[in-house]
Amino acid sequence: MGSKEHIHFSAVVPSPFDNERRRSPRIHLQVPLFIRGRDPRKETFMELGKTLDISALGAFIASPRALTVNEVVTLTIPSPSIGSSAMVPTGMPPIQARVKRQRHAGDVYLVGVEFLKPIG
């Protein structure tokens, strides 16, 4: 009888900020979103970024602009313009999130945010 090798695949890919315990499971999902807030120079901005992973309590996002840790930003997922129909749901409302951490990585900033109100 031959020995069997067991290969285990993990659905969770570690993020650069994985040194803490998670309170909610994350989904690795890239979704474009608008980020609105104030940068470290206190200038108001709106930029197009994307999620790298998301959970009910927060998200890990890529932003073209540096954000301010502890600043509240507004995240809006753009919805396509589809004719009005009762069968097509409207876009998701904006999400308020607090910037918890960030690091510069090439031409983007990798940002961990915590939602002020859980989603889902």
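The values are calculated or read from the model by the stated rules, or taken from the named source; none is laboratory data. As the structure is a computational prediction, the values presented were derived from the model and not from experiment. Cβ sites come from the backbone with ideal geometry, for glycine too, and all protein chains shown count toward neighbours.
Below is a table of values for the structure above.
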read-out	value
Residues satisfying the stated conditions in segment 7-39, i.e. over 16 Å from V113 (Cα atoms) and either modelled with pLDDT of 60 or more or surrounded by 12 or more Cβ atoms within 10 Å (Cβ to Cβ) (or both)	V12
Close pairs (6 angstrom Cβ cut-off, 6 or more residues apart or separate chains): without any contact (Cβ under 8 Å) to a residue 12 or more places away in the chain in segment 23-46, part of a strand (DSSP E or B) anywhere	T44/R38
Selection from segment 56-94 of residues that are at pLDDT 95 or above, under 15 Å from P32 (Cα atoms) and aliphatic (A, V, I, L, M)	A59, I61, A62, L75
Qualifying residues in segment 95-120 (those that are in a loop (DSSP other than H, G, I, E, B) and not aliphatic (A, V, I, L, M)) - the one modelled with the lowest pLDDT	G120
